[in-house]
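For reference, the structure is listed below as structure tokens.
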Amino acid sequence: MSTSANTAISAADFQSGQTPEQIAAKPSAAPQRSGDVIPISTANTAIAPVPTTTPTPPIIAAPYQWLKPSQLPPRPWIYGHQLLRGSVSMIIAPGGSGKTALATGMTLSLLTGREFMGSKVWGGPKKVWIWNLEDSVEELSRGIQAAATYWQITEADVHGNLFLSCALSGDQLKLVSTRSGKLVEDYELAEAIVTEVKGKAIDVLFIDPFISSHDANENDNKSMDAVVKLLATIAYEANCSIVLLHHTNKGFGQVNENSSRGASSVVNAARSVMTINTMTKEVGESFGIDEDEVANYIKLHDHKNNRISACRSSTYMKFESVMMATSDGTEESVGVLVPVDLTAHGIPDLNERQIAEIQIEIDNGFDRQYHTADKWIGHIVGRILNLDTSSKLHKKWINDKLSQLVSDGYIKIIETKKKNGVDAKSYAVVKRAKPFPTTNNDKPPTN
């Protein structure tokens, strides 16, 4: 059906469901001509008044106020150059390498103001809150009391300044969650933490482990940045230091700041990063530590610090066993991390006088090659070099020295028989060492 030339069909007419005949019968407005003035109704139109003042811009570049260095306050360090008020720090280590034991030692050092863990406690004793998300109160108490026993710390020394929360006891901590694919920050929980920290004047909050403090995707940088930034806000608002205990990626070798589990934004947002590495057999040998004892040693390394120049300090620590009496009268061993001073053990070469002394002992029958023999010549070498013949590593060093004497032609190995007729191996003198040294600094005495 055709419509009148003066009838305009609008989209609204078409969508109204009317038939073409109904649309055509509808009165139409006179067509507008070019140049016609179309009146505008202002009945329902609000005309904004002309502003009388210039609005304030949303962003202002504030001019810098010049200060003398003497006008600047010192940085609010709490513990060494690792923990700073208003910031987040991290301890990164493989599982079971001593993160919790280290945090326990740091806690007792902070509570007492004593610097037995190797770092300065600035401004005297502090208040500490440990929020553990994987261990029970009983297990944490064992570690705390064992460390207190080792360092001779009493209840009076703590002054009620230690606070403890455990997820296994119902104290859950989920600062950020993922719902329907979106990140949801729990600002109400964050505000409650700030209120609690400020109300009790807490200086340091340990969160162990970090992975359990959120439900976000740990491999997504945006998600992890949101989690750590929320923690940084809590630290800033509460004027405390927050320490996150964090795991490494599986299969990682020596741990550094790039070894942390998940997205790199976690480490990037932390102001200070400490790492724990277990001691290797080779490093243990260089310090004179037996292979069986190497597992008891760790190296704490300050890998990253954004607030001071190139800090790369290291501290060696050892797990010492503390026997703890339990409620039924039995005793349990609990490991306590203790700083140790290790000096690289360089074994000096045997000089001519020392070799001559060894040869004299061989001539006198102290010549056995095997270390289980009463007259093993290694006992003489150990005495001369101040080595412990009960140590596996020191025995190895002694045998290395004896092998060198054989290579240099001073002694040789021969087949002998014991009194009972059993074959045995012994040393015999080949080339005689000079009985006196030949250096000007070590001349024999003159009569």
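All of the numbers you see were taken from the coordinates with simple rules; none came from a lab. Remember, predicted model here, so these are calculated numbers, not experimental data. Using ideal geometry, Cβ is built from the backbone for each residue, glycine included, and neighbour counts are taken over all protein chains shown.
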message: Could you list ILE355, ILE414, ILE289 so that the one with the fewest beta carbons within 10 Å of its beta carbon is first and the one with the most is last?
response: ILE414, ILE289, ILE355
statement: Listed by chain and number, the lysines with an alpha carbon less than 19 angstrom from that of LYS126, same-chain partners under 8 positions apart left out, are LYS198, LYS200
- prompt: What are the radius of gyration and Dmax of region 352-429, computed over its Cα atoms and given in Å?
  reply: 11.9, 35
field: Eligible lysines near LYS419 by straight Cα distance, threshold 18 Å, same-chain separation 8 or greater
entry: LYS375
query: What share of the DSSP beta bridges in region 77-340 is antiparallel, in percent to the nearest 5?
result: 55 percent
query: Excluding same-chain residues fewer than 8 positions from LYS182, which aspartates and glutamates have a Cα within less than 18 Å of its Cα?
result: ASP215, GLU218, ASP220, ASP225
task: Could you please rank VAL128, VAL255, VAL266, placing first whichever residue has the fewest other Cβ atoms within 10 Å of its Cβ?
output: VAL255, VAL266, VAL128
- prompt: What size of dipole, in debye to the nearest 20, comes out for region 77-340 about its Cα centre when the only charges are +1 on Lys and Arg C-beta atoms and -1 on Asp and Glu C-beta atoms?
  reply: 1140 debye
statement: If SER321, SER260 are placed from fewest to most neighbouring beta carbons inside 10 Å, the sequence is SER321, SER260
message: In Å and on Cα atoms, what radius of gyration and Dmax does region 69-130 show?
response: 13.1, 46
message: Semi-axes of the equivalent ellipsoid for region 118-194, please: Cα gyration tensor eigenvalues, times 5, square-rooted, ordered largest first, whole Å.
response: 32, 16, 11
message: Using only alpha-carbon positions, what ratio does the radius of gyration of region 172-226 give when scaled by 2.2 N^0.38 Å?
response: 1.24
- prompt: So what are the ³J(HN,Hα) numbers for region 381-398, from phi and the Karplus equation (6.51, -1.76, 1.60; θ = phi - 60°), rounded to whole Hz, Gly and Pro as x?
  reply: 4, x, 5, 5, 9, 6, 10, 8, 6, 8, 8, 4, 5, 5, 4, 4, 4, 4
- line: Sorted by chain and then number, the residues having a modelled amide H within less than 5 Å of the amide H of GLY80, at least 5 places away or on another chain, are LYS120, VAL121, TRP122
Stretchable slack from ASP220 to SER327, in nm (0.36 nm times residue separation minus alpha-carbon distance): 33.9 nm
message: How large is log10 of I(q)/I(0) for region 77-340 at q = 0.16 Å⁻¹ when the intensity is taken from the Debye formula with one equal scatterer per alpha-carbon?
response: -1.30
